[in-house]
Every structure is written in C-alpha cells, then in structure tokens.
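Shown next, in structure tokens, is the structure this report addresses.
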Amino acid sequence: MPVTRPNLASPSLLRRHGDRRSAHHLSCYGAGDAGYAGLGRSRRDERAMTRPAHAIRAALQQQIAVTDAEFDQVFPEELRDRSYMHWTPVDVAMRAAQLLAPTADLRVLDVGAGPGKMCLVGALVTGAMWWGIEQDLALVTAANHAAWALDIGRRTRFVQGDGSRLAWDEFDAIYFYNPFSTLMLGPDASPFVRYATVQTTLRRIEQRLAGMRAGTRVVTYHGFGGKLPAGYALASREPAGGDALELWIRQP
C-alpha cells in the first residue's frame, strides 16, 4: 500500500527553517552573492555558472565521477583542507546516494552534513530531495553557496542545528558519516565533558532511529558512533573509500 508522504512545506519544517521560496540565505561571499531570492539576484541560470561548477554539474548528472579536488572548488579555499579527513569522497557519495534514494520521490537527511558535499552530489546524481543539518554556521553558509553555484538550490536545503534534536519523521532516508568525531576533537571542554556530550547525543540519535517508519533507509560510512536499534536489517555492506558503506532498512 503506497505511503502518503507529507509535503516538504509542512508547518513543522517551516516553523523551524522557513520556506526556501522566500528565505534569506547567507553567503560566505557577502550579501548579494548567494543567488537566492531576497539577496538581490535572481535564480541562477546556467550561463552564469563558473567553469568548474558547470563541468562538475554536467559530469555528475551523467553519472561520471569527478575528483575531490575538482569538486571542492565549489567551496571556499580556506575550508578545502578539511575535505580529506571529514567530507565524504565524491565516488563514495555517488554510491551512497544510489543506496539512499533509489527513487526520486524520497527525502534524505544528512546528519552532520559539513559543507553539504553528500547532499550536493546526491542532488546531482538522483532526483531526490536532500537536506543537511550542521552545527557549524560557516559550513552551512558554504553549503548554501555551493548549491547555488551548482544550480541545485531547489532540491537541497541546509540548516544550522543539532541533528539529534530535529524531528526525522518527514524523511525517508538518513545518512551518517561518523558525524560526532569532531566533538571529541574540539578544544572547548574537557575530554570527559566531550565524551558525555557525544554519548548523550548518540542516545538521542538511537531514539530517533527507533521511531522511524518501516522502509526507512539508513546508510553509514565509518559508522555513526552508536548502534542501530532493533528492527533494522543490514541489507548490504560494500567496501568504499577507506571503510565501507552499510545500508540498513527499517523492518515492519
């Protein structure tokens, strides 16, 4: 029996994050550069795209991988040194996108999205709607600008916040790339406080996962730090990058 999926413009999401059609998004390049409504520039057309962005978009839409160095040109230079350690590689993201969104009517959430690389690749290689939530505002801003640069702002959405506190019931698939590792490396608190924070967050994540409906797809790369609750079956595990992609599906 087909599931009736809630509208993306549902009140719960709009109250938290606003309506993309009229939201004023920030850009890491200053007011007017992000290309969203309200910042002084109309929706980007292909003729205005930079050469790297145009080439990246064209390649990925044809399912042709680009290198990470090529893709990362859509991000500010000062952020690119984080790519090797913290961002999903392009080839891994392409495969993960296929596992997360085998059909175009799905909505995917990336928890701890960084600059949105997984969602950006996903939007280019699938027809699904991709959301990323990230606590670092500079990375959220970079993600929104990259979505504009690649002309995929209508199928991506990036918001600042704690993913463990967001209601997940409006999503069909969840992606994790060890999203809490940076908390353990942060300098803002003692190791004991950081560890306690991570463990508390993981308990909330596990509770969110336990409440997802049957058929929900969860893909992990380097895990997420916790354990999938009872009711999830491992559908596939395949080598990817320096680890493996695992696809888990919520059972009825």
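The values are calculated or read from the model by the stated rules, or taken from the named source; none is laboratory data. Just so we're clear, the structure is a prediction, and the values are computed from it rather than from any experiment. All Cβ positions, glycine included, derive from the backbone under ideal geometry; neighbour counts span all protein chains shown.
Kindly indicate the residue of the range 168-195 that is of a type in the set (A, V, I, L, M) and modelled with pLDDT under 90 and also surrounded by the most Cβ atoms within 10 Å (Cβ to Cβ) among those meeting that condition.
Result: Leu183.
From (1) part of a helix (DSSP H, G or I); (2) buried (at least 24 other Cβ atoms within 10 Å of the Cβ), pick out the condition that doesn't hold for Glu78.
(2)
Just wondering, is there one or more residues in the range 160-167 that are outside any helix (DSSP H, G or I) and either buried (at least 20 other Cβ atoms within 10 Å of the Cβ) or hydrophobic (A, V, I, L, M, F, W, C) (or both)?
Yes, there is a match, as at least one residue in the range 160-167 is outside any helix (DSSP H, G or I) and either buried (at least 20 other Cβ atoms within 10 Å of the Cβ) or hydrophobic (A, V, I, L, M, F, W, C) (or both).
May I ask you to list the residues in the range 127-140 that are part of a loop (DSSP other than H, G, I, E, B) and touching a Leu at 6+ places or on another chain (Cβ under 8 Å)?
Within the range 127-140, Ala128 is the sole residue that qualifies.
For Arg20, all conditions in the list (1) touching a strand residue (DSSP E or B) at 6+ places or on another chain (Cβ under 9 Å); (2) buried (at least 16 other Cβ atoms within 10 Å of the Cβ); (3) farther than 20 Å from Trp148 by Cβ; (4) modelled with pLDDT under 95 hold save one; what is the number of the exception?
(3)
With (1) more than 18 Å from Ala128 (Cβ to Cβ); (2) among the hydrophobic types (A, V, I, L, M, F, W, C); (3) free of Cβ contacts under 8 Å to residues at least 60 places away in the same chain; (4) not in a strand (DSSP E or B) as the list, and Met212 as the residue in question, which single condition is left unmet?
The failed condition is (1).
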